[in-house]
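Undergrad: Mind looking over this structure? Questions follow.
What follows is calculated from the coordinates using simple rules that are stated; it is not laboratory data. Small disclaimer: the values here were computed from a predicted structure and weren't measured. Reconstructed Cβ throughout: ideal geometry from the backbone, glycine too, with neighbour counts over all protein chains shown.
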Amino acid sequence: MRIYPVQVFRNNGFWILEVPELRAVGQSRTLTSAGDTARELVALWLDVPVDQVQVALDYRRIGPEAIQLAVGVRSEQARAEELAGARRVVCGRLPGVWCTPTG
């Protein structure tokens, strides 16, 4: 399966996705969804199913600080989701205990 290079950079609050080989451009609201969005862009452009598309994201146009910040935010988000799941389990096992979103 062919791999399409995608250049990723930030512009006006969005992540811009450029596929130079196809002269296609798209955008993503989050860096974590950029890969899926890029695959969808290429699939639409080539009129093929998205599962037949592979992309390689090229972050060289983004400063290293921005990448580290995005990775850190995603890590914190994953931890918060993990804690929320654990809280739901505990609240579900303690009948009669008042479990609100804040405590």
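Undergrad: Just to confirm the number: angle between the C-alpha axis of helix 64-93 and the first principal axis of the chain, 0 to 90 degrees, nearest 10?
TA: In the chain, helix 64-93 runs at an angle near 30 degrees to the longest axis.
Undergrad: Follow-up. Per residue, how much space in cubic angstrom lies within the convex hull of the C-alpha atoms of the chain? Intermediate values should be presented prior to the final figure.
TA: On the way: hull volume 15.1 nm³, N = 103.
Spread over its residues, the Cα hull of the chain gives 146 Å³ apiece.
Undergrad: In units of 2.2 N^0.38 Å, what is the alpha-carbon radius of gyration of the range 11-66? Before the final figure, lay out the partial values.
TA: Values: Rg = 11.4 Å, N = 56, 2.2 N^0.38 = 10.2 Å.
Dividing the Cα Rg of the range 11-66 by 2.2 N^0.38 Å gives 1.12.
Undergrad: Compute the acute angle (0 to 90°) between the alpha-carbon long axis of helix 34-46 and the principal axis of greatest extent of the alpha-carbon atoms of the chain; round to the nearest 10°.
TA: Orientation of helix 34-46: about 40 degrees from the principal axis.
Undergrad: What order do you get for 80-89, 32-41 when each peptide is scored by the mean count of other beta carbon atoms within 10 Å, highest first?
TA: 32-41, 80-89
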